[in-house]
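The values are calculated or read from the model by the stated rules, or taken from the named source; none is laboratory data. Just so we're clear, the structure is a prediction, and the values are computed from it rather than from any experiment. FYI the Cβ positions are ideal-geometry reconstructions off the backbone, even for glycines, and counts take in every protein chain you see.
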Amino acid sequence: MKTEESYMRQVLDLAAGAMQQDEFPIASIVVLDDEIIAQATTSEQREKRFLGHAELVALEEADKQRLSFAERGRVRIFANLEPCLFEAYVARHEPGPMRDWAETLTRLR
Ligand SMILES: [Zn+2]
C-alpha cells in the first residue's frame with residue numbers, strides 16, 4: 001500500500017514538471033483506494049485560464065469516472081497547496097476528500 005508521503009512526492013514531481021514548462025508549480029492527484037484515478041497541474045499560464053486550478057481539474061476528471069457513492073467516500077485528494085475556496089466548495093460534495101485533506105495536511109505539517 002502506498003503511503004501518503006509517496007503520493008505527496010508524486011504531487012511534487014508533477015508540480016516541478018509544471019514549473020519547468022513555465023507553469024505555476026501546483027499539482028494535485030486524486031486517489032481511490034490505492035489507485036491514482038486523476039491528476040492535474042494548474043493550467044493558468046498554459047491555457048490562460050483563471051480557473052484552471054490543479055485540484056479543480058483533478059476533481060472534475062475524477063467526477064467524470066462516475067464513481068459510486070461508496071467509492072466517492074473513499075476518494076482522497078493530494079495537493080501541494082491548501083485548497084482555495086473553489087476546491088473546498090467542490091470537494092465538499094465528496095464525503096472523503098475534505099476530511100482526508102484536512103487530516104493529511106495536519107499530519108504532514
Ligand atoms: Zn484553487
**Asked** Would you pick out the residues in region 28-52 that are at pLDDT 90 or above and buried (at least 19 other Cβ atoms within 10 Å of the Cβ)?
**Response** Ser28, Ile29, Val30, Val31, Ala38, Gln39, Ala40, Thr41, Thr42
**Prompt:** Considering only region 1-51, how many residues are aromatic (Phe, Trp, Tyr) and farther than 18 Å from Ala88 by Cα?
**Reply:** 2
**Prompt:** Any idea how many residues of region 1-46 are touching a Pro at 6+ places or on another chain (Cβ under 9 Å) and of a type in the set (Asp, Glu)?
**Reply:** 0
**Request:** Select, from Arg76, Arg66, Arg49, the only residue that is within 24 Å of Thr3 (Cβ to Cβ) and among the basic types (Lys, Arg).
**Result:** Arg76
**Fill in**
When region 44-75 is checked residue by residue, the ones that are among the β-branched types (Val, Ile, Thr) and more than 16 Å from the ligand (Cβ to nearest atom) are Val75
